[in-house]
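The values are calculated or read from the model by the stated rules, or taken from the named source; none is laboratory data. Please read these numbers as outputs of a predicted model, since none were measured by experiment. With ideal geometry, Cβ positions are generated from the backbone for all residues, glycine too; neighbour counts draw on all protein chains shown. The area values use the complete protein model at the heavy-atom level, side chains included, leaving out ligands, DNA and RNA. Shrake-Rupley method; radii C 1.70, N 1.55, O 1.52, S 1.80 Å.
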2 protein chains.
Amino acid sequence: MKKEILLVALGGNALIRKGQIGTVEEQFANLRTPIGQIAKLSRDYRVIITHGNGPQVGNLLLQQECCDAVPSLPLEILVAQTQGQIGYMIESTLDAALMGLGIHTEQPLVSLMSYVVVAEKDPAFLAPSKPIGPVFSEEKAATLPYPTRKTGEGYRRVVASPKPVTIVEKREIRNLIDMGFIVICCGGGGIPVIREGRAFSGVDAVIDKDLASAKLAEEVGVDIFLIATDVKGVALHYGRPEEAFLRKVSLDQAARYLKEGLFPAGSMGPKVEAAMQFMKRGGKRAIITSIDAIEEAVSGSAGTEVIR
Amino acid sequence: MKKEILLVALGGNALIRKGQIGTVEEQFANLRTPIGQIAKLSRDYRVIITHGNGPQVGNLLLQQECCDAVPSLPLEILVAQTQGQIGYMIESTLDAALMGLGIHTEQPLVSLMSYVVVAEKDPAFLAPSKPIGPVFSEEKAATLPYPTRKTGEGYRRVVASPKPVTIVEKREIRNLIDMGFIVICCGGGGIPVIREGRAFSGVDAVIDKDLASAKLAEEVGVDIFLIATDVKGVALHYGRPEEAFLRKVSLDQAARYLKEGLFPAGSMGPKVEAAMQFMKRGGKRAIITSIDAIEEAVSGSAGTEVIR
């Protein structure tokens, strides 16, 4: 019998933890926690790994702002650069973990560039709302050639965050998984492109990596969809005295809680939505858990599971 | 019968031509020339595409120099970023070209991260000689934490250029080619790593992309190895009145010309060496040609062929 397919979507804290500036040494060291667990799980599951790229793309944007001597690159290209960077870091960390377990010869792995189609008419393009990159003063913000918004720290560039329509490389990823490859893909939610006749062109946007991962999971036929983040799972009234951790939550309950605004919009909200979407479209198990408890969560003893 | 395997190693001018500053628009437009030809060739050959990254990695190095607010990344990570960037640009251009020919549904394609093992004891590490990145004044160069060298334009950082020992992803690439995938890989000569016990670690070095491509060609069992560059092929006394273009050159002749210093060391020399190495290790055809004449060269009517 073929092994089940497990997709692990790694949050930003898999690479950079709170309070760190994000040196390469820190990022490699942090990666060992989730990747060591994933290496072990690869004995029992066919594995896909996706990942975020917020701080890394932020750094590239900041560098562009500093440096007039180099032609500025559009956001799609910076996302591609972070897919290269993080894909290599995950792949080489995983390679070492598989060698440590003595199973690297059975486990071919690839890290591949992924682009994701979004709809040109997605309403998100009418009201860019996702803050990215460095913080500017109000004076500087007024001179920038793109929309900005006031956030807690100051003014930041905002871009559209459209819904993923389809992963361009879904067929390739499905073939690779069938052949037993571990596949690292859809970094940063994928490079956003729109279809223009017989070609794709990149757009200035950012796709939520959990929603892109859910779309990939659906298109590839993943069995278990696991979102690894910086908290142990889903809680109601997170961070308040009445906080209540949920071990299981049904689709109906989750929809009600979302509507009542019980999950923070920028963080847990999209994760719960992504898990719900996966379960609605026929997935077997959707789990939200912490980066330290990936193995336990797969075995059923940690995290929050969204059930039918 | 299985189609022959063709590896095309694209030079830097596939993306940025002489006199251009290298905007994204320029790079995408330039790519259409070689990629359109490769798309057509993919009907008759299984295809691997490799590429250089000199100007792109130079721009990332320059940005790092400008910007103190972001932690500097080591060269291996910058190479990974350029693999992401250029891999995406080649893949999406090829996707469009295949759609234009109406053959994209038969031609799955992937662009993957590649790292290449070099020997820790490679003599190149004792005498770093490959100039990379921006030009500095003599005063500035004296303050930099890495070796620099005086070049025509000023002082530049120099790194080692060790020989490629093996492509880590060779098995994966062979599988993908067997399945009919077009594979884009080994960007910038690959991310250089050394083996340390049961892991690889990245090193500050740059691998010649033609030598890395020749190594990949040998390890994957490529039939035709084509190096696409900015001149129509190999000439003796290049750029001088007695310049003599070579349509064919035998291994023996090529070795003699190399020894006599008839090919420029930084440019045509390594290409001829790479082509020779491929032919010595059992390759069928090795061709050096211009970016505009890839199809003609494969059909035998352009470029310089290194023969046994």
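Return the residues of the stretch A:135-182 that are more than 14 Å from chain B (Cβ to nearest Cβ) and among the hydroxyl-bearing types (Ser, Thr, Tyr); say none if nothing qualifies.
Once the filter is applied, which keeps residues that are more than 14 Å from chain B (Cβ to nearest Cβ) and among the hydroxyl-bearing types (Ser, Thr, Tyr), the stretch A:135-182 yields A:137, A:143, A:146, A:148, A:151, A:155, A:161.
Restricting to the stretch A:50-106, name every residue that is of a type in the set (Val, Ile, Thr) and either within 25 Å of residue A:274 (Cα to Cα) or in contact (Cβ under 8 Å) with a residue 12 or more places away in the chain (or both).
A:50, A:57, A:77, A:79, A:82, A:86, A:90, A:93, A:103
Kindly indicate the residue of the stretch A:291-302 that is touching a Ser or Thr at 6+ places or on another chain (Cβ under 7 Å) and in a loop (DSSP other than H, G, I, E, B) and also surrounded by the fewest Cβ atoms within 10 Å (Cβ to Cβ) among those meeting that condition.
My answer is A:292.
One residue is enough: does the stretch A:1-19 have a residue meeting the conditions facing chain B (nearest Cβ under 9 Å), under 30 Å from residue A:180 (Cβ atoms) and outside any loop (DSSP other than H, G, I, E, B)?
Within the stretch A:1-19, none of the residues are facing chain B (nearest Cβ under 9 Å), under 30 Å from residue A:180 (Cβ atoms) and outside any loop (DSSP other than H, G, I, E, B).
For every residue, the table says whether it meets (1) free of Cβ contacts under 8 Å to residues at least 40 places away in the same chain; (2) touching an Asp or Glu at 6+ places or on another chain (Cβ under 9 Å).
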{"position": "B:218", "(1), (2)": "no, no"}
{"position": "B:253", "(1), (2)": "yes, no"}
{"position": "B:259", "(1), (2)": "yes, no"}
{"position": "B:262", "(1), (2)": "yes, no"}
{"position": "B:266", "(1), (2)": "yes, no"}
{"position": "B:270", "(1), (2)": "no, yes"}
{"position": "B:274", "(1), (2)": "no, yes"}
{"position": "B:289", "(1), (2)": "no, yes"}
{"position": "B:303", "(1), (2)": "no, yes"}
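All but one of (1) under 30 Å from residue A:261 (Cα atoms); (2) open to solvent by 30 Å² or more (accessible area, probe 1.4 Å) hold for residue A:160; which doesn't?
(2)
Specify the residue that is nearest to the other protein chains (Cβ to nearest Cβ); the eligible residues are those in the stretch B:20-34 that are of a type in the set (A, V, I, L, M) and open to solvent by less than 20 Å² (accessible area, probe 1.4 Å).
Applying the filter and picking the extreme gives B:24.
Residue check: is residue B:123 out of contact with any helix residue (DSSP H, G or I) (no Cβ under 9 Å at 6 or more places or on another chain), crowded, with 18+ Cβ neighbours inside 10 Å and either at the interface with another protein chain (Cβ under 7 Å from one of its Cβ atoms) or more than 20 Å from residue A:92 (Cα to Cα) (or both)?
no
Quick check on the stretch B:38-66: of everything there that is of a type in the set (S, T, N, Q) and within 18 Å of the chain's Cα centre (by Cα), which residue is surrounded by the fewest Cβ atoms within 10 Å (Cβ to Cβ)?
B:53
Scanning for something open to solvent by less than 10 Å² (accessible area, probe 1.4 Å) and either closer than 30 Å to residue A:100 by Cβ or β-branched (Val, Ile, Thr) (or both), does the stretch B:149-157 turn up at least one residue?
Among the residues of the stretch B:149-157, not one is open to solvent by less than 10 Å² (accessible area, probe 1.4 Å) and either closer than 30 Å to residue A:100 by Cβ or β-branched (Val, Ile, Thr) (or both), which makes the answer no.
Taking residue B:214 as the residue in question, decide whether it is touching a Pro at 6+ places or on another chain (Cβ under 6 Å), in contact (Cβ under 8 Å) with a residue 24 or more places away in the chain and of a type in the set (Gly, Ala, Ser).
no
Only one of these is at pLDDT below 95 and of a type outside the set (A, V, I, L, M, F, W, C): A:100, A:87. Name it.
None of the others qualify; the one that does is A:100.
Of the residues in the stretch A:87-108, how many are open to solvent by less than 30 Å² (accessible area, probe 1.4 Å), touching a Leu at 6+ places or on another chain (Cβ under 7 Å) and more than 7 Å from every other protein chain (Cβ to nearest Cβ)?
So the answer is 5.
Return the residues of the stretch B:251-290 that are open to solvent by less than 20 Å² (accessible area, probe 1.4 Å) and outside any helix (DSSP H, G or I); say none if nothing qualifies.
Across the stretch B:251-290, the qualifying residues are B:263, B:283, B:286, B:287, B:288, B:289, B:290.
Provide a single number: the residues in the stretch B:71-84 that are at the interface with another protein chain (Cβ under 7 Å from one of its Cβ atoms) and open to solvent by 10 Å² or more (accessible area, probe 1.4 Å).
Qualifying residue count for the region: 3.
Among the numbered conditions (1) within 14 Å of chain A (Cβ to nearest Cβ); (2) over 15 Å from the mean Cα position of the chain (by Cα), tell me where residue B:258 comes up short.
Checking residue B:258 against (1) within 14 Å of chain A (Cβ to nearest Cβ); (2) over 15 Å from the mean Cα position of the chain (by Cα), the one that fails is (1).
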